[in-house]
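These notes are about the structure you will find just below.
Every number here is computed from the coordinates shown, using simple stated rules; none is lab data. What you see is a predicted model; the values in this text were computed from it and never measured. A quick note on method: Cβ atoms are made from the backbone with ideal geometry, for glycine too, and the neighbour counts reach across all protein chains shown.
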Amino acid sequence: MLKVGVIGAGAMGQHHVRVYSELGDVELVAISDLDEQRLKTLAENYGAEFFTDYGELLKKDLDAVSIAVPTTLHRVVSLDAMTRGINVLVEKPIADTIENANLIIKASRTNSVKLMVGHVERFNPAIIALKDHQDELGKIVTISARRVGPYNPRIRDVGIITDLAVHDVDVMSYLYSKKIRSVHAYAGSVNHRFEDYAHILLGFENGNSGSIETNWLTPHKVRQLTVTGTDGIAYVDYIGQTLRICNEKGVNDIDIEKKEPLRNELEHFVKCILEDRDPVVSGEEGIQALKVALAAVKSYKMREVIEFSYRKPLSHYAKTRYVPIPANF
C-alpha cells in the first residue's frame, strides 16, 4: 500500500486529495494547507490527518506527495520532501525560475526519488487518442491551440503564459517530439498584475510551427487544439474529450472512453513508484516547458524574437540571438 500526502489543498490540490482517496493500492495519509477550515472539511470527508504546517505532514511515514502550492513555493516544498526520501509529483509549472527547477531535478537525483511534473493534459484521453492516431495525419506541419476563459482569482503569483500556455507548449513538444527553437509573443494585462492575454508563435527544430492563443478575458472556457499534417487534420476538444480526424478516408470521430485526466495522471504516478518506472513527464520536460514559457514572457516584454541553442545547459536561456521587432511592425 502506497502512503501518500497532499501539500496544498486549493483549487487543484483538493482534487488530488479526492482522487488519491479513490485509488486502489493507495492510502491517503495526510493533507496540508494554510486554510484550516478547508483542511478539516477535507480530512473529515476523506479520512486523513491534516496539518497547517506541511513540515508536520512530511514527518509522517510517506512514500509520495503531490505538491499543489503556489508556483513560487515549489522549490522549497519539493526539496523538503525529497530530502526525506519522498517521491514527488509537483504541479506545473515545475518552478518559478529555471534555477529553482534545476535544484528540484538535482534533489530528485541526489535523493534517488521519483519526480513527475503535473502536465495533466498529457493524460487527457483525447490527447492519448491523438497520439495513437497521429500517423493518420502524415507529417505534422503546424499545431494551433486556443486556451481561453474567465480569470480565476486564486492565481496571483504568475501570468497566463506560465500558468496556462505552458500546457500547450508541453503538448506541442510531445506531439512533434522536437524541441522549440524560437519564441515570439505578444501579450498584455487588462485586469491582472501579470499578463492576462497572449498570442505565442513557436518554431520547432524541424522547421514547423505552433501557435497559442490564451487569455483570462473570455467569459466561457475553451480548450481546443488543431493539428495539421500532410495527409489530414485533427481537431481536439480537451473539455469534451473528443477527437475528429479528417483525411482522404473522410471524417472520423474517434471513439474515446472518457476519463478524468487527473485520475490517469495519478494512477501513472503511483504505478511508476510501485513498479520503479520513470514518469512520462520528467523534470527535464518540465524545465523545457518552463524555459519556453519564460522566454515568451521575455519576448513580449522586450518586443523581441527569442531563439534557442541547445549546446548549453538548460539552466541558461541559451539564446543564439535576440531579433528586434521594428517599432512599426
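Listed values, structure above:
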{"quantity": "Of K92/K114; K221/K298; K131/K259; K3/K60; K139/K178; K131/K178, those spanning more than 18 Å from alpha-carbon to alpha-carbon", "calculated": "K221/K298"}
{"quantity": "Pairwise centroid distance, computed over Cα atoms, of segment 124-177 with segment 32-107, Å", "calculated": "25"}
{"quantity": "FRET efficiency, T226 to N152 (Cβ-Cβ, R0 22 Å, nearest 0.05)", "calculated": "0.30"}
{"quantity": "Hypothetical label at D132: residues of segment 252-294 whose amide nitrogen lies under 12 Å (7 Å Cα-Cβ projection)", "calculated": "254-259"}
{"quantity": "0 to 90° range, to nearest 10: angle between helix 98-110 axis and the chain longest Cα axis", "calculated": "50"}
{"quantity": "Amide H partners (placed H, <5 Å) of G138, local residues excluded", "calculated": "D231"}
{"quantity": "Cα Rg, Dmax, segment 17-153, angstrom units", "calculated": "17.8, 53"}
{"quantity": "Approximate spin-label separation R303-Q37, in nm, with each point projected 7 Å along Cα-to-Cβ", "calculated": "4.8"}
{"quantity": "Solvent-free Debye scattering, log10 I(q)/I(0), computed from the Cα coordinates of segment 128-329 at q = 0.17, 0.18, 0.19 Å⁻¹", "calculated": "-1.29, -1.39, -1.46"}
{"quantity": "Relative contact order (%) - criterion: Cα under 8 Å, at least six apart; region: the chain", "calculated": "17"}
{"quantity": "Using θ = phi - 60° and Karplus 6.51 cos²θ - 1.76 cosθ + 1.60, couplings along segment 216-226 (whole Hz; Gly, Pro as x)", "calculated": "10, 10, 6, x, 10, 7, 10, 9, 9, 9, 10"}
{"quantity": "Segment 262-275 - phi-based ³J(HN,Hα) in whole Hz, Karplus 6.51/-1.76/1.60, Gly and Pro as x", "calculated": "5, 5, 4, 5, 6, 4, 5, 4, 4, 5, 4, 6, 5, 9"}
{"quantity": "Extended-chain gain in nm, criterion 0.36 nm per residue less alpha-carbon gap, Y186 and D25", "calculated": "53.3 nm"}
{"quantity": "Of all DSSP beta bridges in the chain, antiparallel share, percent nearest 5", "calculated": "60"}
{"quantity": "Simple spin-label estimate for K178 and D253 in nanometres, 7 Å along Cα-Cβ", "calculated": "3.3"}
